[in-house]
1. Tell me, please, whether a residue that is assigned to a loop (DSSP other than H, G, I, E, B) and more than 30 Å from residue 140 (Cβ to Cβ) can be found in the stretch 370-387.
2. When residue 251 is evaluated against the numbered criteria (1) crowded, with 19+ Cβ neighbours inside 10 Å; (2) assigned to a helix (DSSP H, G or I); (3) more than 17 Å from the chain's Cα centre (by Cα), which criterion, by number, is the only one it fails?
3. Restricting to strands (runs of 3 or more DSSP E) lying wholly in the stretch 262-329: which have 1 or more residues that are of a type outside the set (D, E, K, R) and farther than 23 Å from residue 379 by Cα?
4. So for the stretch 131-147 (the condition being touching a Gly at 6+ places or on another chain (Cβ under 9 Å), polar (S, T, N, Q) and assigned to a strand (DSSP E or B)), does at least one residue qualify?
5. Name the single residue, out of those in the stretch 300-322 being without any contact (Cβ under 8 Å) to a residue 60 or more places away in the chain and in contact with an Asp or Glu (Cβ under 9 Å, 6 or more places away or on another chain), that is surrounded by the most Cβ atoms within 10 Å (Cβ to Cβ).
6. Could you list all residues from the stretch 32-77 that are in contact with a strand residue (DSSP E or B) (Cβ under 6 Å, 6 or more places away or on another chain) and in a loop (DSSP other than H, G, I, E, B)?
Amino acid sequence: MIECYCDRPSYRSGDAVDVHVSTSSPRFDVEVLDVTREGRVLWAGKELPGIAHPAPDDVASRGCEWPVSFTVPTTHDWVSAVCLIRLTASDGDQCEGFFVLRPYRPRAALLMVITTSTYQAYNDYGGANAYATGGLAYTGGIPVVSWRRPLPPGYITKSADFVRLASTTPGDESIPFLGWAIESGISIWSGGTGWSNWEHPFVEWVRAEGYELDFACSHDLHDDPGALDGYQLMLSVGHDEYWSWEMRDCVENFIAAGGNVAFFSGNTAFWQVRFDDAFRMTTYKGRWRDDPLLGSDREARVTGLWSNPITGRPENHMTGLSFVAGGYARIAGASPAGQGGYAIYRPEHWIFTGTGLRYGDLLGRESVLIGYEVDGCRFRFANGRPEPTGEDGTPSSFQILGLASAALLSKESAPDFYPDGAMSDLEIVTDQMTGSCTAENLARFTYGHATMGIFERGGTVFAAGTTEWACGLASRDPQIMQITRNLLDRLGKRDAHRVNAGSIPID
């Protein structure tokens with residue numbers, strides 16, 4: 001047995017990285033790898049002493065509290081990266097650790113923010129996370145989750161035969177990922193988060209195209225109001241679900257000052273969370289009425305939905321979209337044979353330059369761009385094109401570029417998800433938005449649309465409205481690749497920051 005974690009999710013070049021290890025073996029070796037640059041070795045150690053440490057019963061909320069086993073001495077000239085710590089015990093057992101390395105000072109125009117707050121919510125080490133206290137069932141989870149514990153297998157790396165949560169077979173409601181994960185010996189929760197699902201393939205594509213990236217993480221947006229200073233474009237990729245008030249302030253101030261953001265993500269900023277100085281994250285979620293801030297002068301920071309009226313700050317203000325008006329697609333009973341791609345409504349927009357797309361064409365159908373979790377907004381049609389109503393906080397300048405059908409999962413559409421007494425996703429959203437799950441209120445939120453769009457408010461904000469954008473890049477979808485180039489070039493000022501040629505022509 002060997003397990004490890006870092007005391008923080010990120011460090012700046014020049015910091016000492018403290019690594020905590022528990023192992024039943026007397027010795028272990030370590031390699032620190034840059035997984036954003038083909039796994040090059042940054043640092044290594046041999047024959048380090050190993051000691052087994054117990055974990056407290058409440059480890060999921062409290063953390064492991066193991067002592068520091070070794071320190072990785074970074075220097076100011078280490079380039080920004082996502083780093084994998086690979087430990088090999090003397091008996092052959094292995095484990096993986098993880099940290100994000102921020103640059104000593106910005107060197108790229110593009111900053112990719114790794115979604116570590118969502119990793120933290122899903123981490124089920126110790127038998128609990130923000131969703132459940134054992135197994136898959138949505139039993140409500142625990143309201144406080146610690147960063148300071150190992151990430152279970154599957155969060156950092158997965159095998160090459162990785163199965164997506166979104167079904168690539170129309171009509172398949174079985175969620176093949178779950179069986180594959182159990183057979184592969186990885187956490188079933190790693191299908192919804194972690195470096196390997198979306199962020200890694202996105203970075204691989206971006207690197208192959210010759211773009212330069214710096215890296216930070218969710219927690220940096222919370223801790224450092226100036227985390228985005230010096231950058232042209234911030235990138236959010238995959239599943240970016242959990243945001244604190246301070247994270248929102250950091251990004252929205254950046255946009256107001258002229259900074260650009262591309263949300264290549266879905267379910268983005270759905271839940272409000274709070275962090276403490278020990279990297280514990282509070283998230284009452286569906287049990288938001290139990291949050292001690294309810295009824296206080298800080299009630300707006302209750303850890304429920306950002307769209308909950310008591311918060312008064314729907315995520316639409318920042319992204320243009322919300323999961324409340326989107327939901328799920330190509331998973332369980334939510335649009336299981338759905339269109340898989342976006343119907344395009346404004347093909348003349350500059351993001352479609354070079355794609356050949358026309359009005360009504362489908363973008364990403366073959367790669368299943370619309371799957372797992374998607375975001376939307378309230379809209380109406382005018383002259384054959386969708387326009388936001390603004391009733392949910394979406395800016396009036398938001399241009400809807402594409403739409404696809406979606407639905408919130410309910411006990412009827414996903415009966416195996418919800419044990420007796422648990423609330424479904426549909427009920428959670430309806431309860432927080434209206435206070436009562438009447439049939440009339442449930443009907444308001446049952447169905448939605450994945451929505452892709454863009455708006456300006458100082459800077460430019462693009463929202464892909466789906467977790468699966470990186471899957472389109474990994475599938476080499478020529479139109480998704482061209483749209484991504486157009487966005488990175490225009491919003492990230494590529495000419496000054498592209499380091500080599502690698503564009504792929506559209507056939």
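The values are calculated or read from the model by the stated rules, or taken from the named source; none is laboratory data. Just so it is clear, the model here is predicted, and its values are computed rather than measured. Ideal geometry is used to build each Cβ from the backbone, glycine not excepted, and the neighbour counts take in all protein chains shown.
1. Taking the stretch 370-387 first, the residues assigned to a loop (DSSP other than H, G, I, E, B) are 370-371, 377-378, 383-384.
So of that shortlist, the ones also more than 30 Å from residue 140 (Cβ to Cβ) come out as 383-384.
Within the stretch 370-387 (the criterion being assigned to a loop (DSSP other than H, G, I, E, B) and more than 30 Å from residue 140 (Cβ to Cβ)), the answer is yes, since at least one residue qualifies.
2. For residue 251, the failing item is (3).
3. Numbers: elements: 271-275, 280-282, 322-329.
Once the strands (runs of 3 or more DSSP E) in the stretch 262-329 are filtered for at least 1 residues that are of a type outside the set (D, E, K, R) and farther than 23 Å from residue 379 by Cα, what remains is 271-275, 280-282.
4. yes
5. First pass over the stretch 300-322, keeping only residues without any contact (Cβ under 8 Å) to a residue 60 or more places away in the chain: 300-302, 310-312.
From what's left, in contact with an Asp or Glu (Cβ under 9 Å, 6 or more places away or on another chain): 301-302, 310-311.
Details: 301: 18, 302: 23, 310: 16, 311: 20.
Out of the qualifying residues, it is 302.
6. 35, 36, 39, 50, 52, 53, 63, 66
Residues are listed down the side, and each one gets a yes or a no for (1) part of a loop (DSSP other than H, G, I, E, B); (2) free of Cβ contacts under 8 Å to residues at least 24 places away in the same chain; (3) surrounded by fewer than 20 Cβ atoms within 10 Å (Cβ to Cβ):
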| residue | (1), (2), (3) |
| --- | --- |
| 150 | yes, no, no |
| 155 | yes, no, no |
| 166 | yes, no, no |
| 178 | no, no, yes |
| 191 | no, no, no |
| 197 | no, no, no |
| 207 | no, no, yes |
| 220 | no, no, no |
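Yes/no per residue for (1) within 19 Å of the chain's Cα centre (by Cα); (2) among the hydroxyl-bearing types (Ser, Thr, Tyr); (3) closer than 30 Å to residue 234 by Cα:
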site	(1), (2), (3)
68	no, no, no
77	no, no, yes
85	no, no, yes
90	no, yes, no
95	no, no, no
100	yes, no, yes
110	yes, no, yes
115	yes, yes, yes
142	no, no, no
